[in-house]
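The values are calculated or read from the model by the stated rules, or taken from the named source; none is laboratory data. Remember, it's a predicted structure, so these values are computed and weren't measured experimentally. We place every Cβ from the backbone using ideal geometry, glycine too, and count neighbours over all the protein chains shown.
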Amino acid sequence: MPDQLNIAVFASGKGSNFKAILEAIKTGKIQNAQIVLVVSNNSDAGAIDLARENNIPALHINRKQFETDEDFNSTLTSSLEKHCVNFIALAGYMKKIDPTIVRAFKNRIVNIHPALLPKFGGSGMYGMRVHEAVIESKEKISGASVHIVDEEYDNGPVVLQATIPVEVNDTPSTLAARVLKVEHEIYPEAIRLFSEGRIIVDGRKIIITKIEVKELKDEFDSN
Ligand code: GAR
């Protein structure tokens with residue numbers, strides 16, 4: 001078994017993806033992980049209330065509370081260290097993660113995006129704007145992507161995707177609601193795969209193994 005995932009969930013809003021991950025842990029779908037911290041830039045975030053209801057430490061922190069980027073990042077990093085965080089899940093977190101944190105958690109930060117990356121991603125593409133752009137472009141298919149976070153917006157390799165049809169009568173909000181449903185399926189599933197040590201990141205390539213990566217290595221070693 002790989003080390004347990006000690007997850008920090010970063011969320012700016014309602015927190016329904018956070019909830020889906022939490023439920024998957026509570027019901028045993030994800031067994032080798034716990035959420036040790038919730039981070040939000042927004043004190044009104046539903047995610048903060050949900051953390052408190054579940055006795056999960058919640059940190060309200062944003063850049064405006066600090067004089068410099070360095071002060072902000074070092075306070076955030078200290079909190080991640082204090083809670084022994086070894087994995088970060090961005091769940092509707094609308095701020096860019098500083099490169100120092102991306103490097104410190106290389107291939108250990110994931111994000112859920114409400115479209116089929118690499119389409120409809122990048123700076124300014126978040127929340128309802130994504131669905132508006134999908135409808136505007138007359139796409140027939142949309143969906144959700146879980147990807148590794150690197151130093152560019154929505155750029156890291158994709159771990160899992162799920163598709164849904166765009167219906168002719170869809171508005172951005174009806175499409176968003178259907179995409180959110182599949183987000184709640186693939187995000188916990190991706191985290192389960194990480195918790196079981198079954199994801200190998202090889203540059204831009206993601207390999208999902210059938211068994212834990214360490215077991216594979218042991219097999220090779222014994223041959
Ligand atoms: C989700 O649809 C997520 O994909 C999106 O924000 C929503 C958060 O909902 N994230 C982005 O657009 C990031 N680029 P939630 O707070 O209910 O999980």
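Does THR163 fit the bill of being of a type outside the set (D, E, K, R), more than 10 Å from the ligand (Cβ to nearest atom), farther than 20 Å from SER16 by Cα and not in a loop (DSSP other than H, G, I, E, B)?
Working: of a type outside the set (D, E, K, R): yes; more than 10 Å from the ligand (Cβ to nearest atom): yes; farther than 20 Å from SER16 by Cα: no; not in a loop (DSSP other than H, G, I, E, B): yes.
The answer is no for THR163.
Screening the stretch 1-110 for helices (runs of 4 or more DSSP H) wholly inside it with 3 or more residues that are hydroxyl-bearing (Ser, Thr, Tyr) and touching a residue at least 12 places away in the same chain (Cβ under 8 Å) returns the ranges 69-82.
Going residue by residue through the stretch 144-159, is there one that turns out to be in contact with a Leu (Cβ under 7 Å, 6 or more places away or on another chain), hydroxyl-bearing (Ser, Thr, Tyr) and closer than 20 Å to VAL201 by Cβ? Yes; the residues of the stretch 144-159 include at least one that is in contact with a Leu (Cβ under 7 Å, 6 or more places away or on another chain), hydroxyl-bearing (Ser, Thr, Tyr) and closer than 20 Å to VAL201 by Cβ.
So is LEU117 surrounded by 21 or more Cβ atoms within 10 Å (Cβ to Cβ) and either more than 11 Å from the ligand (Cβ to nearest atom) or within 25 Å of ASP44 (Cβ to Cβ) (or both) or not? No.
The residue pairs whose first member lies in the stretch 126-141 and is at pLDDT 95 or above and among the basic types (Lys, Arg), whose second member is part of a helix (DSSP H, G or I) and surrounded by 17 or more Cβ atoms within 10 Å (Cβ to Cβ), and whose beta carbons are closer than 9 Å, counting only pairs six or more residues apart or on different chains, are ARG129/PRO172.
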